[in-house]
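The values are calculated or read from the model by the stated rules, or taken from the named source; none is laboratory data. Source: prediction; values computed, not measured. Positions of Cβ are backbone-derived with ideal geometry, glycine not excepted, and every protein chain shown enters the neighbour counts. We work out accessible area using only protein heavy atoms, side chains counted, and drop any ligands, DNA or RNA first. Shrake-Rupley method; radii C 1.70, N 1.55, O 1.52, S 1.80 Å.
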Amino acid sequence: MNNNAANNSNNLHALADGVLRPLGFEVLDVQVQNPGRRPIVVIRMDRLDEQPVTVEDLEAASRAVGAEFDRLDPISGEYRLELESPGAKRPLTRARHFERMIGLKARVRGEGHAFTGPIKAVDGEQVTFDREGEDVTLTVGSFQGNLAEFPDRHR
């Protein structure tokens, strides 16, 4: 992703989160796919109350974000807007996200690390992972984390 696309994703993330947070949702990730042709803006969201995201939630969120994007026109030309639930590769961006998934494997990238291992513990903003039997503790926000296995039940 080039810098313009990255800046645009950050801007779109802020716009979408500003619309969705008052409705009880949080934006986990925004990706602009297919830039240069007819872009697709994919917004991955979750519920703040940690309940499963429903089809009705996605429809309501899509209407709200679509109306705000129509009003502000943050993307030139035609584009498609897609909202989706967190899914199997859920982005983990806050300490609470890691806490909810303790025991499950996460893919970790950044701060000189690139590994997949179980989330062992969360203490404040510190997350400890098991990397092949060795504890690795990182600070939330200093690395990228994604869920690497799907939980057997909603968490």
Need the failing condition index for R109 against (1) at pLDDT 95 or above; (2) farther than 19 Å from V140 by Cα; (3) basic (K, R), just the number. (2)
Answer yes or no: is there a residue in the range 12-19 that is open to solvent by less than 30 Å² (accessible area, probe 1.4 Å), small (G, A, S), at pLDDT 90 or above and within 15 Å of the chain's Cα centre (by Cα). yes
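Taking A95 as the residue in question, decide whether it is touching a Pro at 6+ places or on another chain (Cβ under 9 Å) and open to solvent by less than 50 Å² (accessible area, probe 1.4 Å).
On the way: touching a Pro at 6+ places or on another chain (Cβ under 9 Å): no; open to solvent by less than 50 Å² (accessible area, probe 1.4 Å): yes.
No, not satisfied.
Being closer than 19 Å to N10 by Cβ, touching a residue at least 40 places away in the same chain (Cβ under 8 Å) and in a strand (DSSP E or B) narrows it down to one of V27, V42, so name that one.
Numbers: V27 fails: touching a residue at least 40 places away in the same chain (Cβ under 8 Å).
Unique residue meeting the criteria: V42.
Can you name the strands (runs of 3 or more DSSP E) wholly within the range 61-131 that have at least 2 residues being within 14 Å of the chain's Cα centre (by Cα)? Steps first, answer last, please.
Values: elements: 80-84, 105-110, 113-123, 126-131.
Qualifying strands (runs of 3 or more DSSP E): 80-84, 105-110.
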Out of (1) free of Cβ contacts under 8 Å to residues at least 24 places away in the same chain; (2) in contact with an Asp or Glu (Cβ under 8 Å, 6 or more places away or on another chain); (3) open to solvent by less than 40 Å² (accessible area, probe 1.4 Å), what's the single condition that is false for R47? (3)
